[in-house]
Amino acid sequence: MRSLRELYRIGRGPSSSHTMAPAHAAEEFARLYPQAVKYRAVLYGSLAQTGRGHGTDCAVAESLGGGAEIVFSDGTDIPHPNTMDLFALDGNGQVIGARRVLSTGGGAFCFLGESEHVSEVYPQRTLAEIAELCRQNGRRLYEYAEAREGRALRVYMQAVWKQMKETIRAGLCTEGELPGGLHVLRRAPLLFRKNMSGETEIGRENRLISAYAFAAAEQNAGGGIVVTAPTCGSCGVVPAVLLYMQERCGFSDERICAALETAGIFGNIIKTNASISGAECGCQAEIGTACCMAAAALCELHECSLACIECAAEMAVEHHLGLTCDPVGGYVQIPCIERNAMAALDAVNVFSLSRIFGEKHKVGFDLAVGAMYETGKDLSSAYRETAKGGLAKLYSVKK
């Protein structure tokens with residue numbers, strides 16, 4: 001598996017697969033062919049079907065220098081749902097260079113036929129392998145991660161946590177309508193400020209966690225700076241629960257960073273053995289993974305056993321199986337923003353359950369990941385980030 005720094009990426013929303021990765025790929029392509037007079041990008045699959053809503057065309061054109069031609073193709077014979085062809089042209093319009101790009105989820109990309117520009121730093125690929133190693137060495141999961149990646153990992157996690165908090169704080173004080181034409185109002189400030197008559201302690205907890213998740217997700221939808229956890233579209237889940245728990249229980253930033261590293265192990269396993277791409281496996285791959293990571297992080301904060309951490313992570317995956325990816329208009333707004341809040345609340349619930357019966361759970365995490373991948377592949381393409389099914393098909397956008 002690859003570095004956790006490849007899972008937690010800091011960048012601009014609204015989509016890690018549709019905005020962040022294509023933009024980075026286009027930048028690298030332009031560096032390969034600086035002599036080109038013009039560039040052309042052809043978008044396929046989900047990149048073509050929801051690219052305008054995600055701003056793919058604008059992000060790629062800007063990365064190629066602003067004068068690029070962007071083509072939306074309905075071609076279906078492609079190796080991955082997020083595929084893009086890039087062409088470098090000379091003054092006569094002749095092609096002098098070309099690359100096919102696969103946006104593989106969470107902001108990662110590769111040029112077809114070439115490996116992604118990252119190295120494998122974890123020889124283990126499953127939780128079973130990692131757990132056995134941790135038990136042999138008496139290590140917690142975050143200690144295993146730091147043993148593989150060194151002190152640089154913790155330094156990076158400090159930057160990740162700082163950005164997560166900044167994203168939430170920005171979202172809590174930004175009001176108005178999100179861009180795109182769906183007329184979705186930012187609701188995080190209202191959730192945060194709302195004084196509910198007779199509000200119970202658990203009601204306040206749910207409201208604040210939801211407000212934090214809305215804040216990060218709305219910043220993403222508005223093109224703000226976020227951290228993929230594991231994607232832009234699911235960026236609100238992990239920071240929401242961690243910030244709330246830090247404020248409630250006084251956990252230090254260092255404890256939060258350890259929890260992020262633990263969460264990253266689970267996200268990495270899913271990314272390696274299944275997918276974190278909504279276009280490939282539906283929203284279960286994004287929100288389901290985010291919920292899993294948040295639940296594992298909460299368990300680590302409270303120093304739960306490895307069995308309890310696995311139980312919480314597995315339940316989070318299991319109970320999001322089959323979740324469709326059906327963004328209305330191709331925008332990461334409806335139902336994406338609310339799903340961040342619901343998944344954050346789910347993470348708290350499975351964390352609580354795992355502390356009660358986590359030592360005796362039946363289904364292993366690796367099995368649940370396998371089920372996620374099979375389920376994602378069985379989903380109709382209409383429910384995998386194409387905006388052709390579900391809410392995206394039935395909801396009428398009001399002009």
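The values are calculated or read from the model by the stated rules, or taken from the named source; none is laboratory data. In this text, all values refer to a predicted model and were calculated from it rather than measured experimentally. Please note: Cβ atoms are built from the backbone with ideal geometry, for glycine as well, and neighbour counts cover all protein chains shown. Surface accessibility is based on the protein's heavy atoms, side chains included, excluding ligands, DNA and RNA. Shrake-Rupley method; radii C 1.70, N 1.55, O 1.52, S 1.80 Å.
Tell me the accessible surface of MET196 in square angstrom (1.4 angstrom probe, heavy atoms of protein chains only), to the nearest ten.
100 Å²
Between region 13-91 and region 282-327, how far is it from one alpha carbon centroid to the other, in angstrom?
With region 13-91 and region 282-327 each reduced to a Cα centre, they are spaced 32 Å.
Across the chain, what fraction of all alpha-carbon pairs, as a whole percent, falls in each successive 20 Å bin from zero upward?
Per 20 Å bin, starting at zero, the Cα-Cα P(r) for the chain comes out as 30, 57, 13, 0 percent.
Which of rounded, prolate, oblate describes region 178-309, given a ≥ b ≥ c as roots of the alpha-carbon gyration tensor eigenvalues and a/c under 1.5 marking rounded, otherwise prolate only if a/b is larger than b/c?
Verdict is oblate for region 178-309.
Once the convex hull of the C-alpha atoms of region 41-176 is built, how many Å³ does it hold per residue, rounded to a whole number?
For region 41-176, the hull spanned by Cα atoms encloses 192 Å³ per residue.
Could you tell me, in Å, what Rg and Dmax come out for the Cα atoms of region 294-399?
16.3, 53
Want the number for VAL363 to ASP253: 0.36 nm per residue separation, take away the alpha-carbon distance, what's left?
36.4 nm
Taking loop as defined by DSSP and a crowding limit of 16 other beta carbons within 10 Å, which trypsin sites (Lys or Arg not before Pro) in region 129-218 fit?
Answer by residue number: ARG139, LYS194.
Go through SER305, SER396, SER46 and list them by solvent-accessible area, largest first, probe radius 1.4 Å.
SER396, SER305, SER46
Using the Kirkwood formula on the Cα atoms of region 276-355, what hydrodynamic radius do you get, in angstrom to one decimal?
Across region 276-355, the inverse of the average 1/r is 12.6 Å.
Hey, what's the Kirkwood Rh for region 156-230 if you take every pair of different alpha carbons, in angstrom?
13.1 Å is the Kirkwood radius here.
Determine the percent antiparallel among the DSSP beta bridges restricted to the chain, to the nearest 5.
85 percent
Would you work out what percent of the accessible area of the chain, with all protein chains in place, is carbon or sulfur (probe 1.4 Å)?
Carbon and sulfur atoms account for 50 percent of the accessible area of the chain.
Counting alpha carbon pairs within less than 8 Å and at least 6 residues apart, what relative contact order, in whole percent, applies to the chain?
Result for the chain is 19 percent.
Simple spin-label model, 7 Å along Cα-to-Cβ: GLU175 to GLN94 in nm?
6.1 nm
Count of lysine pairs in the chain with Cα atoms under 21 Å apart, counting only pairs 8 or more residues apart in sequence or on different chains?
Count of close lysine pairs: 6.
Per the helix-only calculation at 222 nm, which mean residue ellipticity applies to the chain, given -39500 (n - 2.57) for every DSSP H run of n ≥ 4 and division by its residues, nearest 500 deg cm²/dmol?
-16000 deg cm²/dmol
Which whole-number value in Å² is the accessible area per residue of region 327-368, probe 1.4 Å?
Value returned for region 327-368: 46 Å² of accessible area per residue.
Percent of Cα-Cα pairs per 10 Å bin, from 0 to the last occupied bin, for region 14-71, please list those.
Here the calculated profile for region 14-71 is 26, 57, 16, 0.
In square angstrom, rounded to the nearest 10, how much accessible surface does CYS173 have for a 1.4 Å probe?
Here the accessible area works out near 100 Å².
Between exposed GluC sites (Glu not before Pro) in the chain, where DSSP calls loop and at most 16 other Cβ atoms lie within 10 Å, what's the longest gap?
Formally, the longest exposed-site-free interval is 1-113.
So how do ASP326, ASP378, ASP57 rank on accessible area, 1.4 Å probe, biggest first, that is with the largest at the start?
These residues rank, largest area first, as ASP378, ASP57, ASP326.
Could you point to the residue in VAL397, VAL227, SER305 farthest towards the positive end of the chain's charge dipole, with +1 and -1 charges on the Cβ of Lys/Arg and Asp/Glu respectively?
Comparing the listed Cα positions along the dipole, VAL397 ranks first.
Tell me, what is the FRET efficiency for GLU27 and GLU143 to the nearest 0.05, using R0 = 45 angstrom and their Cβ-Cβ distance as r?
It comes to 0.80.
Excluding ligands and nucleic acids, what accessible area in Å² is computed for VAL363 using a 1.4 Å probe, to the nearest 10?
Counting only protein heavy atoms, VAL363 exposes about 50 Å² to solvent.
Could you work out the relative contact order of region 94-223? I mean the mean sequence separation of Cα pairs under 8 Å and 6+ apart, divided by the number of residues, in percent.
After rounding, I find 17 percent.
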